[in-house]
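Here's the structure we're looking at; comments come further down.
The values are calculated or read from the model by the stated rules, or taken from the named source; none is laboratory data. Computed from a predicted model, the values in this text were never measured in an experiment. Cβ atoms come from the backbone with ideal geometry, glycine included; neighbour counts cover every protein chain shown.
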Amino acid sequence: MSTGAAWSQGMIEAEVQRRKQLPQQSVERRAIISKCYKPKHPEVYTLQDSFLAPEFLEIERFCTSPGADLQGLLSYLESFSDKRIYRLPVFTEQFCQALLDELENFEHSDMPKGRPNTMNNYGVLLSELGMDERLLTPLRERLRPLTALLYPELGGACLDSHRAFAVKYALHQDLDLSSHYDNAEVTLNVSLGKEFTEGNLYFGEFNEVEHVWGRGLLHRGGQIHGALPIASGERWNLIVWMRASAVRNRLCPMCRRKPELVPAEGFGDGFTEPPQGEEQPETVSVCALG
Ligand SMILES: O=C(O)CCC(=O)C(=O)O
Ligand SMILES: [Fe+2]
């Protein structure tokens, strides 16, 4: 996912091998966590209206009303540059605090932890914590009326899976994140706190966007971005890489080719359409080339 430096053939092969083992390792961690981890705030695992900012509920009402259009939606959002980067209130303060407390409780536990990606050494893969089914899938589904208007050509109306994780930045841990694009059609990035200075998100050369606590940024996954170093404190964000199988099945966003699919666990990389409803998909697919 990084746009980073040159890789030798040997390094690429080692990385391919490492990535092939990730899904099975993740399934194993998930099994241990669901058996042994005792959540501190079990309520945060199930999305409730009371978690959502009143302004979010208003935007949702607008987007699901007859005649909702892009122009109308934009009047509720903060827009940054012409890159279709938007900020909107998502969560209440109370929910951010409870979720953060849950994530820290998990972090301090002796449970096995899968890190979000090669660029984050801290933070948590939320599928392994068991947050997909009742928290993140419903959140993605409730965002769909918005993303349908904002990103129609990226499958905004049919975002049907996701990869969600929390990132953490602190002095003496990760401070920043280098420039990259996400393995996602559309990304939601919500600031959960805590207190911090600096650490803006940047897009391209000139566009810096501040993280505002409780608010989410929506951007195209393919938009190059990174995070500037924090100067003090601790920054936690919820990142949801949302995928549309209908779009990526035509063209893998990572290798820019027609995907060659291999079976995977869980949502995989979001290629095959997952079954509708409560059920978790048995096998969906990852692109072997990407
Ligand atoms: O640190 C952030 O806010 C951005 C994180 C990010 O872009 C990512 O994890 O893909
Ligand atoms: Fe990103």
| field | Tally of residues being more than 16 Å from ligand 2 (Cβ to nearest atom) and at negative phi across segment 195-209 | value | 5
| Given the conditions (1) at pLDDT 75 or above; (2) under 30 Å from Leu77 (Cα atoms), which single one is not true for Gly268? | (2)
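Here are some residues: Arg84, Arg18, Arg29. Which one is under 23 Å from His180 (Cα atoms) and within 21 Å of the chain's Cα centre (by Cα)?
The match here is Arg84.
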| Can you name the residue in segment 232-265 that is modelled with pLDDT under 80 and within 23 Å of Leu126 (Cβ to Cβ) and is also surrounded by the fewest Cβ atoms within 10 Å (Cβ to Cβ) among such residues? | Pro263
| task | Specify the residue that is surrounded by the most Cβ atoms within 10 Å (Cβ to Cβ); the eligible residues are those in segment 211-231 that are within 16 Å of ligand 2 (Cβ to nearest atom) and part of a loop (DSSP other than H, G, I, E, B). | result | His211
| remark: From the option list Pro39, Pro66, Pro89, Pro54, single residue qualifying as surrounded by 12 or more Cβ atoms within 10 Å (Cβ to Cβ) and farther than 22 Å from Pro116 by Cβ is Pro89
| message | Suppose we filter Leu154, Leu188, Leu159 for residues that are more than 10 Å from ligand 1 (Cβ to nearest atom) and either under 17 Å from Phe91 (Cβ atoms) or touching a Cys at 6+ places or on another chain (Cβ under 6 Å) (or both); which single one remains? | response | Leu188
